[in-house]
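Everything below concerns the one structure shown next.
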Amino acid sequence: MSENVFYKQTHLEEKMDESEKRESRAYADSYIDFLNAGKTERECVTYAVKEAEKAGFVPYVPGMALRAGDRVYSVNRGKSMILAVIGRQDLSHGCNIAGAHIDSPRLDLKQLPFYEDGEMALLKTHYYGGIKKYQWVTIPLALHGVAVRADGSTVQISIGEDEGDPVFMITDLLPHLAADQVKKTASDLFTGENLNVFIGSTPAANGDERFKAKVLELIHERCGLCEEDFISAEICAVPAFKARYLGLDRSMIASYGHDDRSCAWAELKAIFDIRDPERTAVCILTDKEEVGSDGVTGSQSTAFEFFMQDLCETQGVSLRRCFEQSFCLSADVCNAFDPNFPEVSEKRNNAKCNYGVGILKFTGARGKSGSNDASAETVGTVRRIFAKAGVTWQMAELGKVDQGGGGTIAKFMANRNIETIDAGVPVLSMHAPCEAVAVNDCYMTYRAVKAVYEER
Ligand code: MN
Ligand code: MN
């Protein structure tokens, strides 16, 4: 009896059976492909559309007739996406929603990025999302994005991913001359205006600014773009390395962008795998989470309401009824306990790698400020759903009280009168150019989203 009074957790390696482990490894292989194909929200959407169509999803056209089991998707301006599988019950019974974001911290190019100094051509950047600036220097960078020319045509850019491609880099000071630099605090080591990316060191044959001119010539040759086109462009520098298994046991994955592509892929695989759900299943892949979820493609955009309203109108159901009956898993990563930094965590309540999907009742900062703070009933609901589906989960809290904090899209979903809770993959080195997650935690997050979709 005394054994049973304790809440116990088991390492996933000791809990999962052989067939689950095989499935988990295959899932990780597919996740690595997603990571390598999608380093920006646009690339994630492109990949998701391709995979969705393979899985039988068709573009949603407002007003189209929808029957139970139908699979539709809608892309918002190439940067965010909603997929739905129509349930047997109509939308007055609500739907099961999972929402993840597909933007990640990175270095955006400024609109006039090109300049030269010291006989080198460089790019000015403006960082996007919360980064520790010193982590982004002396690593190989790739350039990804789109530029819109004056005639309205669009050019996709990806330089630095193919084996034969060159890469780019921000330089740092040699230790021999860093006596003054190393006395600075980490936040002052690099300023935003120090994050200038090396792009070339060959002079053009003649004219002014010959180093900048040479780079512009090469860009024009490769992409057909001139300097002015970069004004109407969204190009970013992201880590050039590929996702790889981490550790001799291959228990983890090292990659750029686990936040939040680990949850985005979990949602995609889950919605691909469900058939004829009782309630309509909705998968949100949103943009702009790292900068507050504002904007037309962020999760605060009414694009979500309008999509749902369209579905509701097809069935003659009010959106209000649908939302108040719906359930949303805000699928976003949490911090994993890091043995190198135990002092920032409260061990009993911090997520650990290899213990399953982390459920966060609340996020926020200080006294839970800016948090959804799901109710006891909502936590009870996910416990029940996960137990029924054999999903291994753990409670998670973003560090010690008053250590810091963070937010997700949960509150924006909950503000729509949708019952919402955060859950996601525990991550090490979150927001660093190379983040780490456990293979089995990613797999359990997929299982968790699938369980929510299959719930009545
Ligand atoms: Mn996130
Ligand atoms: Mn983040």
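Given the criteria buried (at least 16 other Cβ atoms within 10 Å of the Cβ) and of a type in the set (Gly, Ala, Ser), does Ser326 qualify? Yes: the conditions hold for Ser326. Selection of region 420-434 for residues being open to solvent by less than 10 Å² (accessible area, probe 1.4 Å) and in a strand (DSSP E or B) yields Thr420, Ile421, Asp422, Ala423, Gly424, Pro426, Val427. From the list Glu234, Glu221, Glu227, the one residue that fits, being surrounded by 14 or more Cβ atoms within 10 Å (Cβ to Cβ) and over 23 Å from Lys288 (Cβ atoms), is Glu227. Only a single item in (1) open to solvent by less than 40 Å² (accessible area, probe 1.4 Å); (2) under 25 Å from Met444 (Cα atoms) is not met by Leu66, and it is number (2). Here Cys263 meets each of (1) in a helix (DSSP H, G or I); (2) over 25 Å from Thr445 (Cα atoms) with one exception, condition (2). Scanning region 189-203 finds one or more residues that are β-branched (Val, Ile, Thr), in a strand (DSSP E or B) and open to solvent by 20 Å² or more (accessible area, probe 1.4 Å). Taking the listed residues Leu216, Leu285, the one that is outside the structural domain of Val49 (by TED's automatic domain parsing) and either at pLDDT 95 or above or surrounded by 20 or more Cβ atoms within 10 Å (Cβ to Cβ) (or both) is Leu216, with no other qualifying. Of all residues in region 34-41, at least one satisfies being within 27 Å of Asn440 (Cα to Cα) and either open to solvent by 30 Å² or more (accessible area, probe 1.4 Å) or outside the structural domain of Ala448 (by TED's automatic domain parsing) (or both).
Mind checking which pairs have a first residue in region 120-135 that is closer than 30 Å to Asp208 by Cβ and a second that is within 16 Å of ligand 2 (Cβ to nearest atom) and among the acidic types (Asp, Glu), Cβ under 7 Å, 6 or more apart or different chains? Within 7 Å, the pairs are Thr125/Asp108; His126/Asp108.
The set of residues in region 126-172 being under 30 Å from Gly406 (Cβ atoms), of a type in the set (D, E, K, R) and open to solvent by 80 Å² or more (accessible area, probe 1.4 Å) consists of Lys132 alone. Among the residues of region 404-419, the ones that are open to solvent by 40 Å² or more (accessible area, probe 1.4 Å) and modelled with pLDDT of 95 or more come to 4 in all. Just one residue in the set Gly94, Gly99 is at pLDDT 95 or above and more than 16 Å from ligand 1 (Cβ to nearest atom); that residue is Gly94.
Scanning region 81-121 for residues that are open to solvent by 30 Å² or more (accessible area, probe 1.4 Å) and part of a strand (DSSP E or B) turns up Asp108, Lys110, Gln111, Leu112, Tyr115, Glu116, Asp117, Met120. Screening the candidates Ser429, Ser375, Ser371 for the property of being within 30 Å of Pro239 (Cα to Cα) and polar (S, T, N, Q) yields one hit, Ser429. Candidates in region 244-263 are the residues that are of a type in the set (Gly, Ala, Ser) and open to solvent by less than 10 Å² (accessible area, probe 1.4 Å); of these, the one that is farthest from ligand 2 (Cβ to nearest atom) is Ser255. You will find that of Val401, Val437, the residue that is open to solvent by 50 Å² or more (accessible area, probe 1.4 Å) and either part of a strand (DSSP E or B) or away from ligand 1 (no atom under 14 Å from the Cβ) (or both) is Val401 and no other. Can you confirm whether Ala410 is out of contact with any Gly (no Cβ under 7 Å at 6 or more places or on another chain), within 14 Å of ligand 2 (Cβ to nearest atom) and touching a residue at least 60 places away in the same chain (Cβ under 8 Å)? Yes; evaluated as a whole, the condition is true for this residue. Would you confirm, using the coordinates I've provided, whether Ala266 is touching a helix residue (DSSP H, G or I) at 6+ places or on another chain (Cβ under 7 Å), modelled with pLDDT of 95 or more, crowded, with 21+ Cβ neighbours inside 10 Å and not aromatic (Phe, Trp, Tyr)? The answer is yes for Ala266. Restricted to helices (runs of 4 or more DSSP H) entirely inside region 1-62, those with at least 3 residues that are under 16 Å from His258 (Cβ atoms) are 18-37, 41-54.
Do you know which of the residues in region 255-272 that are more than 10 Å from the chain's Cα centre (by Cα) and closer than 11 Å to Cys283 by Cα is farthest from ligand 1 (Cβ to nearest atom)? Of everything passing the filter in region 255-272, Phe272 is farthest from ligand 1 (Cβ to nearest atom). Picking from residues in region 300-322 that are open to solvent by less than 10 Å² (accessible area, probe 1.4 Å) and either closer than 22 Å to Val382 by Cβ or part of a loop (DSSP other than H, G, I, E, B) (or both), the one that is farthest from ligand 2 (Cβ to nearest atom) is Cys322.
The values are calculated or read from the model by the stated rules, or taken from the named source; none is laboratory data. Keep in mind that what you see is a predicted model, and the values were worked out from it rather than measured. Using ideal geometry, Cβ is built from the backbone for each residue, glycine included, and neighbour counts are taken over all protein chains shown. Accessible surface is based on the protein model in full, side chains and every heavy atom, while ligands, DNA and RNA are left aside. Shrake-Rupley method; radii C 1.70, N 1.55, O 1.52, S 1.80 Å.
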